[in-house]
Amino acid sequence: MAMDAMILLQGDVSQLSSVGDLWYWIHPESLSAVHAAVETQVSAGLWDEYLAPVLLYKAAAVFSLPGLALAAWPVVLEVLRRIAEGQIGF
């Protein structure tokens with residue numbers, strides 16, 4: 001992810017790591033094990049149609065969105081509290 005940060009600063013988003021690349025870099029054995037387990041125990045179609053495309057998504061986008069949502073959660077709660085108390089009206 002640090003390399004992705006450097007790439008983002010340079011403005012070349014085409015070189016960002018995918019989720020699959022990141023997973024392979026962290027623990028290639030588990031990626032292979034999950035792939036085999038899903039194809040043999042669940043459905044090869046599930047892997048091919050749904051999970052494999054997710055592995056092609058840019059890791060920065062996949063992991064940044066939940067992080068931004070978590071960071072914004074206290075603000076959302078404060079706004080909802082103020083609405084409930086009548087400090088903000090619509």
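The values are calculated or read from the model by the stated rules, or taken from the named source; none is laboratory data. Because the structure is predicted, anything quoted here is derived from the model rather than measured. Every residue, glycine among them, receives a Cβ derived from its backbone with ideal geometry; neighbour counts consider all protein chains shown.
Quick notes
- Helices (runs of 4 or more DSSP H) fully within region 22-90 that include at least 2 residues being in contact (Cβ under 8 Å) with a residue 12 or more places away in the chain and in contact with a Ser or Thr (Cβ under 9 Å, 6 or more places away or on another chain): 59-84.
Rundown of residues vs (1) at pLDDT 90 or above; (2) of a type in the set (D, E, K, R), yes/no style:
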| residue | (1), (2) |
| --- | --- |
| 1 | no, no |
| 5 | no, no |
| 11 | no, no |
| 41 | yes, no |
| 48 | no, yes |
| 56 | no, no |
| 64 | no, no |
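- Scan of region 37-90 for residues that are over 16 Å from the mean Cα position of the chain (by Cα), closer than 20 Å to residue 18 by Cβ and among the β-branched types (Val, Ile, Thr), ordered by number: 38
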